[in-house]
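Enquirer: This is the structure, below, for whatever I ask next.
Any read-out appearing in this document is the output of simple, stated calculations on the displayed coordinates, not a laboratory observation. A quick note: this is a predicted structure, and the numbers were derived from the prediction, not measured. We place every Cβ from the backbone using ideal geometry, glycine too, and count neighbours over all the protein chains shown.
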Amino acid sequence: MNITLRVWRQANGAAKGGMQTYQLADVSPDMSFLEMLDLLNEKLTIEGIEPVAFDHDCREGICGMCGVVINGSAHGRSASPVPTTTCQLHMRSFADGATIDVEPWRAGGFPVIKDLVVDRTAFDRIIQAGGYISVNTGSAPDANAAPVPKVKADRAFDAATCIGCGACVAACPNGSAMLFTSAKITHLAMLPQGQPERWSRVKGMVAQHDAEGFGGCTNIGECAAVCPKGIPLDTIGQLNRDLMTSLFKSDGK
Ligand code: SF4
Ligand code: FES
């Protein structure tokens, strides 16, 4: 395949950025999108041009590190028949001769660090604000010592599959991180271990979400449409129910 890439280049967060056009030949349809960017970077390096900075790690849809906006959609959702991560998107999703725009996540809570890399430490701070349980560690408890109804276990597991990629934020017109935050809250709210801090957790995490500059949810649903892990929109309903309940309850925190 021969493709034309228009890639966002920005030296650092304070610098002015812009789209740069590159021609790339001999792209295999079986390459992942990141392998195609590797090919671009090899070419740029040979030509003495600074390679494009982008985030990645596992390259198998698990870690949540990768993520760019491709042709205006997070993780290239518009090119893929199913939601996927950028590392699991393949070049066969594009036509030979295509022009492909590649940009970083754009949201108030995700400032650009360089090129396609954004600062997602806001997600870490949201988790630090309550996305954990406090327990005295000791020997491992017996399996099934705390029975969990299957429906709740399944819902907790599904919510726990969020990989923290940030596509939901990039897709949301409000730059909201409610799908991410609600996935963490729903995961712990379904389990017995999550009950002692349930009400302080939701208040703390939502307050941190807002403090980080993410917008509010207005039920548009773009987040769930691009989420590579299928986190459903009704987890935000769970967050809202827990937040309302927390206003009438106290766990002393
Ligand atoms: S909710 Fe989905 S899109 Fe958002 S961070 Fe988690 S896995 Fe990524
Ligand atoms: S590089 Fe790990 S999810 Fe894409």
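Enquirer: Just a yes or no: is a residue in the range 51-65 in a loop (DSSP other than H, G, I, E, B) and in contact with a His (Cβ under 6 Å, 6 or more places away or on another chain)? Step through it out loud before you land on a result.
Expert: Kept after step one, since they are in a loop (DSSP other than H, G, I, E, B), are these residues of the range 51-65: 51-65.
Filter once more, keeping what is in contact with a His (Cβ under 6 Å, 6 or more places away or on another chain): 65.
The answer is yes, given that some residue of the range 51-65 is in a loop (DSSP other than H, G, I, E, B) and in contact with a His (Cβ under 6 Å, 6 or more places away or on another chain).
Here's the yes/no breakdown for (1) more than 19 Å from VAL202 (Cβ to Cβ); (2) surrounded by fewer than 18 Cβ atoms within 10 Å (Cβ to Cβ); (3) within 18 Å of the chain's Cα centre (by Cα):
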position: PRO111; (1), (2), (3): yes, yes, yes
position: ASP119; (1), (2), (3): yes, yes, yes
position: ASP124; (1), (2), (3): no, yes, yes
position: GLY130; (1), (2), (3): no, no, no
position: ASN144; (1), (2), (3): yes, yes, no
position: PRO147; (1), (2), (3): yes, yes, no
position: LYS152; (1), (2), (3): no, yes, no
position: ASP158; (1), (2), (3): no, no, yes
position: THR161; (1), (2), (3): yes, yes, yes
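Enquirer: Report, by residue number, each residue of the range 1-18 that is crowded, with 16+ Cβ neighbours inside 10 Å, more than 23 Å from the chain's Cα centre (by Cα) and assigned to a strand (DSSP E or B).
Expert: ILE3, LEU5
Enquirer: Quick one: how many residues across the range 48-80 are of a type in the set (Asp, Glu) and more than 12 Å from ligand 2 (Cβ to nearest atom)?
Expert: Number of matching residues: 1.
Enquirer: State all residues of the range 163-208 that are closer than 19 Å to ASP55 by Cβ and surrounded by fewer than 21 Cβ atoms within 10 Å (Cβ to Cβ); if no residue qualifies, say none.
Expert: If the condition is that a residue be closer than 19 Å to ASP55 by Cβ and surrounded by fewer than 21 Cβ atoms within 10 Å (Cβ to Cβ), then GLY164, GLY175 are the ones that fit.
Enquirer: Any residue at all in the range 100-107 that is at positive phi and surrounded by fewer than 18 Cβ atoms within 10 Å (Cβ to Cβ)?
Expert: No, every residue in the range 100-107 fails to be at positive phi and surrounded by fewer than 18 Cβ atoms within 10 Å (Cβ to Cβ).
Enquirer: Considering each residue of the range 54-71, count those that are touching a residue at least 40 places away in the same chain (Cβ under 8 Å) and buried (at least 16 other Cβ atoms within 10 Å of the Cβ), and give that number. I'd like the intermediate steps shown before the answer.
Expert: Quick first cut of the range 54-71, residues touching a residue at least 40 places away in the same chain (Cβ under 8 Å) only: 54-55, 61-69.
Next, only the ones that are buried (at least 16 other Cβ atoms within 10 Å of the Cβ) stay: 54-55, 61, 63-69.
Looking only at that region, the number is 10.
Enquirer: When residues of the range 234-253 are filtered for being buried (at least 18 other Cβ atoms within 10 Å of the Cβ) and either assigned to a loop (DSSP other than H, G, I, E, B) or away from ligand 1 (no atom under 16 Å from the Cβ) (or both), how many remain?
Expert: 2
Enquirer: So which of ALA170, ALA183, ALA160 ends up being touching a residue at least 12 places away in the same chain (Cβ under 8 Å), over 20 Å from GLN128 (Cα atoms) and within 16 Å of ligand 2 (Cβ to nearest atom)?
Expert: ALA170
Enquirer: Still on this structure: Could you check the range 141-199 and list, in sequence order, the residues that are within 16 Å of ligand 1 (Cβ to nearest atom) and of a type in the set (Lys, Arg)?
Expert: Hits for the range 141-199 are ARG155, LYS184.
Enquirer: Let me ask something else. I need the full set of residues from the range 73-84 which are touching a residue at least 40 places away in the same chain (Cβ under 8 Å) and either assigned to a loop (DSSP other than H, G, I, E, B) or away from ligand 1 (no atom under 15 Å from the Cβ) (or both), in order please. So that I can check it myself, show each step before the final result.
Expert: Just the residues of the range 73-84 that are touching a residue at least 40 places away in the same chain (Cβ under 8 Å), to begin with: 73-77, 83-84.
Those that are touching a residue at least 40 places away in the same chain (Cβ under 8 Å) and either assigned to a loop (DSSP other than H, G, I, E, B) or away from ligand 1 (no atom under 15 Å from the Cβ) (or both): HIS75, GLY76, ARG77, PRO83, THR84.
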